[in-house]
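The block underneath contains the structure these notes are about, expressed in structure tokens.
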Number of protein chains: 2
Amino acid sequence: MQDVPLSIADLVRYGTTVHGGSTVVTWTGAEPRRTAYAEVGRRAAQLAHALRELGVTGDQRVATFQWNNQEHLEAYLAVPAMGAVLHTLNIRLHADQIAYIANHAEDHVVIADASLLPLLAPLLPRMKTVRHVVVAGGDPGDLAAEGVRVHRYDDLIAGRPEEFDWPVVDERDAAAMCYTSGTTGDPKGVVYSHRSIWLHSMQVCMSDGMAVGQADYSLAVVPMFHAMSWGMPYAALMSGSSLLLTDRFLQPAALADMIAAERPTMAAAVPTIWQGLLQELDAAPRDVSSLKRVVVGGSACPPSLMKAFEERYGVPVLHAWGMTETSPLGSVAHAPAGAEGEQRWAYRLSQGRLPASVQGRLIGAEGRPMPHDGESVGELEVRGPWITGSYHRDDDPAKFDDGWLRTGDVGTLTPDGFLRLTDRAKDVIKSGGEWISSVELENQVMAHPAVAEAAVVAVPDPKWDERPLVAVVVKEGHSVDAAGLRTFLADRVARWQLPEHWAFVDEVPKTSVGKFDKKTLRHRHADGSLEVVDVRD
Amino acid sequence: MQDVPLSIADLVRYGTTVHGGSTVVTWTGAEPRRTAYAEVGRRAAQLAHALRELGVTGDQRVATFQWNNQEHLEAYLAVPAMGAVLHTLNIRLHADQIAYIANHAEDHVVIADASLLPLLAPLLPRMKTVRHVVVAGGDPGDLAAEGVRVHRYDDLIAGRPEEFDWPVVDERDAAAMCYTSGTTGDPKGVVYSHRSIWLHSMQVCMSDGMAVGQADYSLAVVPMFHAMSWGMPYAALMSGSSLLLTDRFLQPAALADMIAAERPTMAAAVPTIWQGLLQELDAAPRDVSSLKRVVVGGSACPPSLMKAFEERYGVPVLHAWGMTETSPLGSVAHAPAGAEGEQRWAYRLSQGRLPASVQGRLIGAEGRPMPHDGESVGELEVRGPWITGSYHRDDDPAKFDDGWLRTGDVGTLTPDGFLRLTDRAKDVIKSGGEWISSVELENQVMAHPAVAEAAVVAVPDPKWDERPLVAVVVKEGHSVDAAGLRTFLADRVARWQLPEHWAFVDEVPKTSVGKFDKKTLRHRHADGSLEVVDVRD
């Protein structure tokens, strides 16, 4: 067989010629901007010429600080195809993290949306390696920093050659990078190769992946700075699917208008977006019947949400699992042929089935591989050609186990390859060589009619290693004590899982995105500021 | 990204565990044999142990001489996964060619169906390197040859371990091989790598490929000895599609019964098979409504056949192009979104659109690249990770052009990547630096009401290099002369294409498969045995 490297340059050449008539549509709140892929290809070549002139050579990093829009797509094409590395900065991170990331990646150029300059401007002086900012979609205003030159995107590319002699690369060379948001410790950089992006794009287009094809019009709500928008931009180039990009219009009403007006056939976003859209549609109906499927991932999707979309709007919701480290497409929850009714829903509500290119195994409490029996719990480890094997400039081996990625997700695998996640590894309670899911215990406690909220964390135990501590918020006008809750749990969880340690609190501490802040709870237990009631039989 | 090689062993591990419940069904004429992929996996491991014991090591070749059936599938799994090379012998070739191929590939073992022993027995003494024959599905009878040991398949694998420690391979290592039937010269061996098979399988499963997925039940009519059954066995392992295999029951009535009884969702075969099935269904209707799509390739499909299946039986026919050298999936004719009516048919009747992994270019009469404008004609050359770059033990560079495969097919490419083939390169007439399609000229001549058949070949010309010679069979009871035909053509073809050389014959010589035998026509012209009339204006 011919030794042809898989490369973004070939993807650009293909997508902008054979599918040159497909379009990228950028929402503007008013008249959408429509541009054919052929034109995107010409502008990407111009951008590459401009970046060369700005001194971008070798595998230097070109960062983006952008919404989902046409110019961001042009950077997706130009930067890896010219041999450099596209680095998508997550605009939603804390300023300290963004500055850390830009410095850690040693970004040479930042391409930024004009609408995001208020966020970028105060950060720019802290980005030590950045020499150029290219401002897209508007005026740079008074953006300035020492040693940094500021350019207007359209002026910079204007008049340059519309073709570029893309260099030949090794398919294992870096093409793009994205940092994990890092709830603990510093963000870590994941580097995608030309090979991994090509293979991942094929998976996105496979009928049991996201089935993206030429006849699709794909609405990418998931940000292009968030795990490469789940691979949709490159899959669109590969398949010829047209792309609908939201720019900064992520509000439920804007999304509903966009879908009604543009009639996309598929879409991908996190559950929060779909929840907002559902409420919007319930309040002010729009026609969303063009959607043949939507993909939901990033965190577990509430069953009620999936059922509401399917039953009320006829839109099938595909549950998917992945992470920045997995490119991100890991599993997709297509129910197997023949599954009906509740069994079908059980499959669809799982995190999905691992494809051939993503091997999975479960590592249990003792570091042993656990059986894939749908019952045995372990931390999911994955292996495959689009799974990261290291982090950029980071020697910490803790995230890897003999070449496999430790996902930090805990759950089960069925014999037929379906993944069901029950907890995060850092939250699971390791008790006597067995694991107790904090999330499952929380759900059982919250099933008590007097309980408003309950968060479960592990606390050290001299005999069992760890035992669960339950922090409970009692509903107003109700009352219940630890013994009562323990009795309530008795026939709901295994006897050895019954918690002894209880704390009644006014509110469970939350993170900035509204999740239980278990780190703070553990600290408050450790420093003695949490009042704990111990109950045993 | 992790450096995980793409390998058949991983495909076997995945397909026989995660999709262990999918089934391979072998038609028997009576009760079909049904076996779960999990069991196929255990038997493949047993087969690998047995083959090791027969001395199969390294990249030694294990040949198959089999219909499409479960044991053939087991060889597809076991042989490449153990690091050896699966060599599918084409049972339909002439005995001399089969012997040549087995010797050229240096096959060590042949796995043969008992039903094919009458074909194999006389050949066996001519296969110099074969040391073992393993007979599947019946008794070896008195099969014997000097230096060859004969085994029964089921006896040979019985009792062996049901797991095999598949070796780690380089993804560019040979996994399988298949010889082209070679209408001219000796057959040539195409060697597939683990990498090429993996990538090709993904393409088969892509929604704009053959869209094979877990919910499919795929009927592989195209033989497993013919370009790997168009990739369906490995795609089935990758996706979990169940497989329906015909064994030797390829007669139209058997196929119709099979479809009605087993209700496959997709199928793949050459036009002749579908033509036979259509006639059978028209004569004795069966329920074929389970078929959501059928793929047709191997040679151009008559439009009437495609339309009949779609209009009379509601079965969409997908036209595809490929060859042994292209693994074989080259292009598939999905009409683009928005194409309607006749425009849609024009797309669907083309050879299809090249996918991102198969680059195509047209090389014209002067060896120059031709534009992809849907008009300019050239020989199609292709490049990609599942396109062969050489033949096994063959240094002839004539089939390659700077690393690209010369397909020998002549036609046009549209700007949006659709391929339309008009001729074979060896039949095209190279006249004054331009090409004349023999097939198109034939079609124009045959449009004359007095013409029964017309074959066009190139004859040498001192001024133009080559000019067309038309051999015409006049319909009984009609009469027409060369001048009349030339006048008839005048407003149908470009003036410079008008043929000067005409021969009136009783019949056009045909090959064994019924095609015009242009080689014989050219010889008859060269040795002066063809009476030629020259007409000029």
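On a 0 to 90° scale, report how tilted helix B:95-105 is relative to the longest principal axis of chain B, with both axes built from alpha carbons and the result rounded to the nearest 10.
60 degrees
Using all Cα-Cα distances in chain A, what percent lands in each 20 angstrom bin from 0 up to the longest?
Computed distribution, short to long bins: 21, 52, 25, 2, 0.
I want to check a number: in chain B, how many lysine pairs have alpha carbons closer than 17 Å, given a sequence separation of 8 or more or different chains?
So the count works out to 12.
For segment A:1-110, how big is the tail of P(r) above 19 Å, as a whole percent of Cα pairs?
Result: 51 percent of Cα pairs exceed 19 Å.
Ranked by Cβ crowding within 10 angstrom, fewest neighbours first, how are A:510, B:518 ordered?
Listing A:510, B:518 from fewest to most nearby Cβ atoms yields A:510, B:518.
Can you give the local net charge around residue B:451? Use residues other than it whose beta-carbon is closer than 10 angstrom to its beta-carbon, Lys and Arg +1, Asp and Glu -1.
-1
With the calculation restricted to Cα positions, what are the radius of gyration and Dmax of segment A:429-534 in angstrom?
13.0, 40
Would you be so kind as to identify which of B:314, B:91, B:271 lies farthest towards the positive end of the dipole of the protein assembly as shown, taking Lys and Arg as +1 and Asp and Glu as -1 on Cβ and the Cα centre as origin?
B:314
Just rank B:436, B:98, fewest to most, by other beta-carbon atoms within 10 angstrom.
B:98, B:436
Can you classify segment B:170-240 as rounded, prolate or oblate using the Cα gyration tensor, where a ≥ b ≥ c are the square roots of its eigenvalues, rounded means a/c under 1.5, and otherwise it's prolate if a/b beats b/c and oblate if not?
Oblate shape, in that a/c is at least 1.5 and b/c is the bigger or equal ratio.
Run the quick spin-label model on residue B:263 and residue B:402: label points 7 Å from Cα toward the beta carbon, then report their separation in nm to one decimal.
Each label point is offset 7 Å from its Cα along the Cβ direction, giving 5.5 nm.
Taking one equal scatterer on every alpha-carbon of segment A:335-407, how large is log10 of I(q)/I(0) by Debye at q = 0.28 1/Å?
The Debye formula, applied to the Cα set alone, gives -1.26.
What is the dipole size for chain A, taken about its Cα centre, with +1 at each Lys and Arg Cβ and -1 at each Asp and Glu Cβ, in debye to the nearest 20?
320 debye
For segment A:130-229, compute the orientation-averaged projected area of the C-alpha convex hull (one quarter of its surface), in nm².
10.8 nm²
Over the Cα atoms of segment B:8-193, what is the Rg over Rh ratio if Rh follows Kirkwood?
Ratio value, two decimals: 0.95.
Between beta-carbons, use under 15 Å as the cut-off and find the net charge around residue B:127, counting Lys and Arg +1, Asp and Glu -1.
Net of charged neighbours comes to +1.
I'd like the orientation of helix B:70-81 relative to chain B: the angle between its Cα long axis and the longest Cα principal axis, in ° from 0 to 90, rounded to 10.
That helix lies at roughly 80 degrees to the long axis.
Would you work out the charge dipole size for the protein assembly as shown about its Cα centre, treating the Cβ of every Lys and Arg as +1 and the Cβ of every Asp and Glu as -1, and quote it to the nearest 20 debye?
Charge dipole of the protein assembly as shown: 260 debye, to the nearest 20.
So what is the diffusion coefficient of segment B:308-464 in µm² per second by Stokes-Einstein at 25 °C and 0.890 mPa s, using a Kirkwood Rh over Cα pairs?
143 µm²/s
When each copy gets a label point 7 Å from Cα toward the beta-carbon at residue A:367, what are the spacings between them in nm, shortest first?
Its label point is 6.5 nm from the equivalent points in the other copies.
Please work out the FRET efficiency for the pair residue A:92 and residue A:447, using the Cβ-Cβ distance as r and a Förster radius of 35 Å; give the result to the nearest 0.05.
After rounding, the FRET efficiency stands at 0.55.
With each pseudo-label sitting 7 Å past Cα toward Cβ, what's the residue A:129-residue A:144 distance in nm, one decimal?
2.7 nm
How fast does the protein assembly as shown diffuse by Stokes-Einstein, in µm²/s, taking the Kirkwood radius from C-alpha pairs at 37 °C and 0.692 mPa s?
103 µm²/s
Residues with amide H under 5 Å of residue A:453's amide H, sequence separation 5 or more or different chain, H placed in the peptide plane at 1.01 Å from N; which?
Amide H neighbours of residue A:453: A:473.
Based on the mean of other beta carbon atoms within 10 Å per residue, what is the order of A:410-422, A:72-84, A:53-65, B:350-362, most packed first?
Order by mean packing, descending: A:72-84, B:350-362, A:410-422, A:53-65.
Every other copy gets compared here: list the nm distances from the residue B:532 label point (7 Å along Cα to Cβ) to its counterparts, shortest first, one decimal.
Ordered by distance, the counterparts are at 10.2 nm.
Hey, what angle do you get for helix A:37-53 against the long axis of chain A, alpha-carbon based, 0 to 90 degrees rounded to 10?
The angle comes out at about 80 degrees.
Taking the label point as lying 7 angstrom from Cα along the Cα-to-Cβ axis, what are the distances from residue B:432 to the corresponding position in the remaining copies, in ascending order and in nanometres?
Output for residue B:432: 9.6 nm, nearest copy listed first.
Based on the alpha-carbon gyration tensor of segment B:244-306 and its eigenvalue square roots a ≥ b ≥ c, which shape applies: rounded if a/c is under 1.5, prolate if not and a/b is larger than b/c, or oblate?
The shape class here is rounded.
Report the equivalent ellipsoid semi-axes for segment A:418-465 in whole Å, largest first, defined as the square roots of five times the eigenvalues of the gyration tensor built from alpha carbon atoms.
After scaling each eigenvalue by five and taking roots: 21, 16, 8 Å.
Set the Förster radius R0 to 60 Å, insert the Cβ-Cβ distance between residue A:527 and residue B:154 as r into 1/(1 + (r/R0)^6), and round the FRET efficiency to 0.05.
For residue A:527 and residue B:154, the calculated efficiency is 0.30.
Please grab the % of Cα pairs in segment A:51-140 that end up more than 24 Å from each other.
10 percent
Using DSSP to call loops (not H, G, I, E or B), can you name the GluC sites (Glu not before Pro) in segment B:321-394 whose Cβ has at most 14 other Cβ atoms within 10 angstrom?
In loop regions of segment B:321-394 (DSSP not H, G, I, E or B), the sparsely surrounded GluC sites (Glu not before Pro) are B:340, B:366, B:375.
With a Förster radius of 56 Å, plug the Cβ-Cβ distance of residue A:17 and residue A:480 into 1/(1 + (r/R0)^6) and report the FRET value to the nearest 0.05.
0.25
Rounding to the nearest 20 debye, state how big the charge dipole of segment B:429-534 is about its Cα centre with +1 on each Lys and Arg Cβ and -1 on each Asp and Glu Cβ.
That gives segment B:429-534 a dipole magnitude of about 240 debye.
Which of B:521, B:501, B:488 sits closest to the plus end of the dipole of segment B:469-537, meaning its Cα is farthest towards the positive end, when Lys and Arg get +1 and Asp and Glu get -1 on the C-beta?
Toward the positive end, the furthest listed residue is B:521.
When B:530, B:219 are ordered from fewest to most other Cβ atoms inside 10 Å of their Cβ, what list results?
B:530, B:219
Coordinate-derived values only; no laboratory data. Note that this is a predicted model, so its numbers are computed, not measured. For neighbour counting, all protein chains shown are included, and Cβ atoms are generated from backbone atoms with ideal geometry for every residue, glycine included.
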